[in-house]
Amino acid sequence: MRHLEVDPRLVGMLGALAVIWVGFDLLSGGAFLTPRNLWNLSVQTASIAVMACGMVLVIVTRNIDLSVGAMLGFIGMVVGVVQARWLPEVIGLEHPATAFIAVAVGVALGGVIGLMQGSLIAYLGIPSFIVTLGGLLVWRGAAWWVTQGQTVAPMDGRFRMLGGGIEGAIGATASWVLAALACAAIVAGMVMLRRRRLAFGFPVRPGWAEGVLMGLACLVVIGAVAVANSYPIPVGVARRMAEAQGIAWPPGGLFIAHGLAIPVIVALMVGVAMTVLATRTRFGRYVFAIGGNPEAAELSGVNTRRSLMMVFGLMGALVGLSACIATARLNAATNAAGTLDELYVIAAAVIGGTSLAGGMGTVAGAMLGALVMQSLQSGMVLLGVDTPLQNIVVGLVLVFAVWLDGAWRKRIR
Amino acid sequence: MSTPLVEMRGISIAFGGIKAVDDVSVDLMPGEVVALLGHNGAGKSTLIKILSGAYRADAGEIRVEGQVADIGTPRDAKRYGIETIYQTLALADNVDAAANIFLGREIVTRWGTLDDAAMESATRQVMARLNPHFRRFKEPVRALSGGQRQSVAIARAIHFNARILIMDEPTAALGPAETAQVGELVKQLKAQGIGIFLISHDIHDVFDLADRVSVMKNGRLVGTARTSDVTKDEVLGMIILGKCPEAAVRGPGAMADS
Ligand SMILES: Nc1ncnc2c1ncn2[C@@H]1O[C@H](COP(=O)(O)OP(=O)(O)OP(=O)(O)O)[C@@H](O)[C@H]1O
Ligand SMILES: [Mg+2]
């Protein structure tokens with residue numbers, strides 16, 4: 001274990017997730033650990049997970065963003081109106097560019113809102129709690145204003161792929177190709193890092209430990225794809241697809257797999273990109289240094305205000321992306337979308353080991369935190385627990401997780 | 001006389017009515033060590049923080065090599081080759097020694113990503129000069145001892161080829177061997193033509209290392225003297241009583257002669 005040099009907290013999170021999954025599976029008589037349930041779980045987690053990646057950086061700088069849920073509602077409305085009302089008049093209904101324009105508008109609008117709130121926090125020195133609390137009210141109100149409260153539907157066909165569903169999954173073959181690419185990237189990355197450390201004569205993990213880690217990482221990737229690929233699409237849809245492609249419908253039926261869902265792939269790509277940003281770039285280094293000691297960062301010549309504003313801008317852009325995922329999944333834009341999401345996003349980051357005191361947190365942890373929260377929720381739905389009790393349980397788990405984390409941290413000091 | 005490396009003239013700054021620094025003028029020649037002395041709260045740290053860009057003076061002028069220098073941020077100061085070891089060390093506790101040393105000036109790879117291996121390698125070299133026993137390169141600075149943290153802060157200041165070095169009580173937390181090492185370092189840097197402002201409460205160290213002393217009292221300059229022209233007792237008199245000896249250049253804060 002010591003030779004593996006893995007983050008013990010990450011291992012702890014994975015352990016907790018395993019306990020939750022197996023527990024629900026036993027309680028539900030085997031209904032939890034099915035390809036169908038796990039696939040749906042992954043799709044439901046995507047939107048919160050994307051935002052949690054940004055929230056980690058916000059919290060690491062000792063700030064908070066309470067406005068993400070309301071922002072999601074507002075941006076979702078704008079994205080819905082753009083693609084369902086404006087673009088059809090300009091470029092026609094179901095135009096191939098509609099989805100791209102809609103997503104670009106969502107991300108850009110989120111980025112601008114984030115930068116706006118960030119500049120109030122960084123340059124005017126207004127506490128982020130206040131600015132984003134104000135933002136929560138402003139954007140929720142603005143979400144209603146866009147259409148005077150009317151729901152906008154349906155969404156563009158290509159845009160809907162962002163939300164998952166049958167058209168929003170990439171199929172078995174493409175999923176395996178992605179898995180192979182991911183495994184190759186993992187192995188290449190680890191080998192390169194090791195070479196580099198060896199070239200400088202620094203200590204490295206023993207070879208076998210490196211191999212075990214590589215193997216485990218690849219196994220997780222392959223396992224996830226195997227699960228997604230064993231969840232078939234409904235018979236009726238499969239039959240129509242077969243007919244459309246001129247394949248005769250065999251007597252025993254055809255097994256056409258979902259494969260990975262597009263929102264899940266998007267969330268994972270965001271996770272990888274944000275991890276690189278947080279750990280491998282100057283910007284990420286500054287974010288952590290500001291969280292550790294803002295004065296020291298400033299005295300070291302870091303432009304702390306600009307960095308802080310960018311963190312909120314990034315958070316906003318990710319909210320824009322999440323707004324697209326949520327709107328696509330619902331196939332409608334409603335002004336109530338994203339209600340309470342800020343709390344789930346913050347909870348995901350905190351359960352994932354992000355310290356509210358700043359300076360500490362990982363993107364991977366936050367994404368796992370989002371998965372833990374969603375697992376709890378959908379597990380309880382599966383067991384028929386009613387909503388008020390679900391909230392009570394999630395609330396208690398949040399408090400317990402943070403206490404456990406704190407106790408653990410004190411022990412390792 | 002050649003142009004001074006740094007000249008601070010008539011510097012004043014107030015914090016909400018308290019004049020922390022009041023009309024102070026000091027200067028520094030290349031290859032010279034000037035010690036800044038004074039009781040606790042005399043305004044030494046505040047004065048050098050104006051030079052390092054942490055504060056902006058309310059009045060006064062800074063010249064670097066004879067040219068008026070506009071220093072508004074720590075980034076500006078570093079551009080003039082001014083490096084600072086702060087009394088508070090100013091380290092980010094949650095990242096490791098290399099990340100602190102290179103903070104704001106990271107080495108990046110061809111792809112613009114952090115080159116941690118190169119930074120760790122440079123850190124090992126510079127730390128070997130200061131603290132040969134140091135091994136904890138991978139740990140956050142929080143886990144280091146006070147002296148080790150101080151070594152990291154010193155390493156950060158000397159790694160980037162400073163022309164002007166400000167050391168605010170650099171050896172306060174160091175053991176005797178490490179203190180001697182810093183003394184050696186000061187002499188080496190001086191020989192390279194670097195100008196050093198040294199703040200210290202150890203009068204013996206000051207007489208050992210400094211060419212001149214400037215003494216402050218209640219935010220005002222008592223006077224400046226060559227260490228070869230005055231005795232330790234006279235300097236103590238300047239610090240405690242504000243009494244300026246014959247051999248010193250009087251400042252506005254000197255006690256009136258009776
Ligand atoms: N940021 C600040 N805000 C308000 N007052 C300050 C600030 N910084 C310093 N002061 C005040 O300015 C005066 C000079 O402080 P300074 O830190 O420069 O003293 P010093 O000479 O470095 O003392 P020491 O030997 O204890 O380090 C003190 O009275 C202090 O309380
Ligand atoms: Mg001081």
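The values are calculated or read from the model by the stated rules, or taken from the named source; none is laboratory data. Computed from a predicted model, the values in this text were never measured in an experiment. Ideal geometry is used to build each Cβ from the backbone, glycine not excepted, and the neighbour counts take in all protein chains shown. What goes into the accessible areas is simple: the full protein's heavy atoms, side chains included, and nothing from ligands, DNA or RNA. Shrake-Rupley method; radii C 1.70, N 1.55, O 1.52, S 1.80 Å.
Would you mind telling me the antiparallel percentage of the DSSP bridges in segment B:161-258, rounded to 5?
60
Identify which of A:Met190, A:Met310, A:Met71 has the largest mean-square fluctuation in a Gaussian network model of chain A, with springs joining Cα atoms closer than 10 Å.
A:Met190
With N denoting the number of residues in segment A:171-260, provide Rg(C-alpha) divided by 2.2 N^0.38 Å, to two decimal places.
1.64
What is the local net charge at B:Asn40, summed over the other residues whose Cβ is closer than 12 Å to its Cβ (Lys, Arg +1; Asp, Glu -1)? Display every interim value, and only then the final one.
Values: positive: B:Lys44, B:Lys217; negative: B:Glu169.
So the surrounding residues net to +1.
Summing Lys, Arg as +1 and Asp, Glu as -1, what charge do residues with Cβ under 10 Å from the Cβ of B:Glu65 carry, B:Glu65 excluded?
The answer is +1.
Residues with beta-carbon under 11 Å from that of B:Phe102, excluding B:Phe102: net charge, scoring Lys, Arg +1 and Asp, Glu -1?
On the way: positive: A:Arg282, A:Arg285, B:Arg105, B:Arg156; negative: B:Asp96, B:Glu106, B:Asp115, B:Asp116, B:Glu120.
Within the 11 Å Cβ shell, the charges total -1.
Can you say what percent of the DSSP beta bridges in the protein assembly as shown, counting only those with both residues inside, are antiparallel? Round to 5. Intermediate values should be presented prior to the final figure.
On the way: 27 of 45 bridges.
Of all bridge pairs located within the protein assembly as shown, approximately 60 percent are antiparallel.
Along Cα→Cβ, 7 Å out, is where each label goes; now give me the distance between the ones at A:Ala357 and A:Val19 in nm to one decimal.
Output for this residue pair reads 2.4 nm.
Based on the alpha-carbon gyration tensor of segment A:12-159 and its eigenvalue square roots a ≥ b ≥ c, which shape applies: rounded if a/c is under 1.5, prolate if not and a/b is larger than b/c, or oblate?
oblate
Over segment A:171-260, what is the relative contact order in percent, taking alpha-carbon pairs closer than 8 angstrom and at least six residues apart?
It comes to 44 percent, rounded to a whole number.
Give the average, rounded to an integer, of partner chain Cβ atoms located within 10 angstrom of each Cβ in B:82-93.
Working: counts 0, 0, 2, 0, 3, 0, 4, 3, 7, 6, 15, 6.
The mean count of partner-chain Cβ atoms within 10 Å per residue comes to 4.
Return the subset of B:Lys78/B:Lys232; A:Lys410/B:Lys44; B:Lys138/B:Lys190; B:Lys78/B:Lys138; A:Lys410/B:Lys49 for which the Cα-Cα distance in this structure is over 30 Å, preserving the input order.
Distance filter (> 30 Å) returns B:Lys78/B:Lys232; A:Lys410/B:Lys44; B:Lys138/B:Lys190; A:Lys410/B:Lys49.
What 222 nm value per residue comes from the helices of the protein assembly as shown, counting each DSSP H run with n ≥ 4 as -39,500 (n - 2.57) and dividing by all residues, nearest 500 deg cm²/dmol?
-18500 deg cm²/dmol
Relative contact order of segment B:84-216: what whole-number percent is it, with Cα pairs under 8 angstrom and at least 6 residues apart? Could you put the intermediate results ahead of the total?
Working: 152 pairs, mean separation 37.5, N = 133.
In percent, rounded to a whole number, it is 28.
Say R0 is 60 Å: what FRET efficiency, to the nearest 0.05, do A:Trp208 and A:Leu340 get from their beta-carbon distance?
My answer for the efficiency is 0.80.
Would you give the gap between the C-alpha center of segment A:358-413 and the C-alpha center of segment B:97-164, rounded to a whole Å?
Centre-to-centre distance over Cα atoms comes out at 37 Å.
On the accessible surface of chain B, probed at 1.4 Å, how many percent belong to carbon and sulfur atoms?
50
Report the Cys residues of chain A lacking a disulfide-compatible partner, meaning no second Cys Cβ under 4.7 Å from their Cβ.
Flagged as lacking a Cys partner: A:Cys53, A:Cys324.
Could you tell me which residue out of B:Gly147, B:Leu36, B:Ile62 lies farthest along the dipole of segment B:34-155 toward its positive end? Charges go on the beta carbon: Lys and Arg +1, Asp and Glu -1, centred on the Cα centre.
Farthest towards the positive end: B:Gly147.
Which shape class, rounded, prolate or oblate, goes with segment B:179-225 when its Cα gyration tensor gives a ≥ b ≥ c as root eigenvalues, a/c under 1.5 marks rounded, and past that a/b bigger than b/c marks prolate? Provide the component values of the computation, followed by the final result.
Numbers: a/c = 2.64, a/b = 1.77, b/c = 1.49.
Prolate, because a/c is 1.5 or more and a/b exceeds b/c.
For segment A:171-260, with the dipole built from +1 on Lys and Arg beta-carbon atoms and -1 on Asp and Glu ones, taken about the Cα centre, which of A:Gln245, A:Cys183, A:Leu213 lies farthest toward the positive end?
It is A:Leu213, whose Cα lies furthest towards the positive end.
Mean separation of Cα pairs under 8 Å and 6+ residues apart, divided by the residue count of chain B: what relative contact order is that in percent?
RCO, chain B: 25 percent.
Can you list the residues, at least 5 places off or on another chain, whose amide H is less than 5 Å from the amide H of B:Cys244, using H built in the peptide plane?
Answer set, sorted by chain and number: B:Met255.
With a ≥ b ≥ c taken as the square roots of the eigenvalues of the C-alpha gyration tensor of segment A:285-413, please select rounded if a/c is under 1.5 and otherwise prolate if a/b is larger than b/c or oblate if it is not?
oblate
At 20 Å minimum axial length over the Cα atoms and a Kyte-Doolittle cut of 0.5, report the qualifying DSSP H helices in chain A, or say none.
A:8-27, A:35-60, A:98-123, A:128-147, A:172-199, A:207-229, A:262-280, A:304-330, A:363-383, A:387-412
Please build a GNM for chain B, connecting alpha carbons under 10 Å apart, and tell me which residue among B:Gln125, B:Gln150, B:Gln87 fluctuates the most.
B:Gln125
Rounded to the nearest 0.05, what FRET efficiency is calculated for A:Ala185 and B:Ile107 with R0 set to 22 Å and r the Cβ-Cβ distance?
It comes out at approximately 0.35.
With springs only between Cα atoms under 10 Å, which of B:Arg105, B:Arg142, B:Arg226 fluctuates most in a Gaussian network model of chain B?
Residue with maximal mean-square fluctuation among B:Arg105, B:Arg142, B:Arg226: B:Arg105.
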